[in-house]
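Below you'll find the structure, written out as structure tokens, and then a few comments.
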Amino acid sequence: MQVRVYKPSRSTMQAGLGATRYWILEYPPEAPRTPDPLMGWTSARDTRRQIRLRFESLGQALDFARGHGLEVDLEDAHAARRAHMSYADNFACDRLVPWSH
């Protein structure tokens, strides 16, 4: 069985990096979701879809997968790009665009 190991990216709605510390191991869906004929709710017979394991490091995640005989689909972590700006830059003398007031 193949599993997906990745490091989640930062949420666009939050500035913090708290959710990006851990490596996540997920099982892929084995069967499609189907609507229930009586109620119309979406259901799935695959219970492994609900499992998300968190690991402190990539090595721990890979060791777990190898120990359980799982094939790993590894997605590399993306480096965060940060624009370093300060409020004082708005009033700098060497500003490219002059202050409008």
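Every read-out reported here was derived from the displayed coordinates using simple, explicitly stated rules and does not represent laboratory data. Because the structure is a prediction, the values reported are computed rather than measured. Cβ atoms come from the backbone with ideal geometry, glycine included; neighbour counts cover every protein chain shown.
Return the inverse of the average 1/r over all pairs of distinct C-alpha atoms in segment 2-91, which is the Kirkwood hydrodynamic radius, in Å to one decimal.
Radius from the Kirkwood sum: 16.1 Å.
Considering only L58, L38, L17, the mean-square fluctuation computed in a Gaussian network model of the chain, springs between alpha carbons under 10 angstrom, is largest for L38.
Applying both filters, DSSP loop and at most 11 other Cβ atoms within 10 Å, to the chymotrypsin sites (Phe, Trp or Tyr not before Pro) of segment 1-65 gives W41. Among A88, A65, A77, the largest mean-square fluctuation in a Gaussian network model of the chain (Cα springs under 10 Å) belongs to A88. Suppose R0 equals 41 Å. What FRET efficiency, 1/(1 + (r/R0)^6) with r the Cβ-Cβ distance, do F64 and R33 give to the nearest 0.05? The computed FRET efficiency comes out at 0.95.
Can you sort I51, I24 by how many other beta carbons sit within 10 Å, fewest first?
I51, I24
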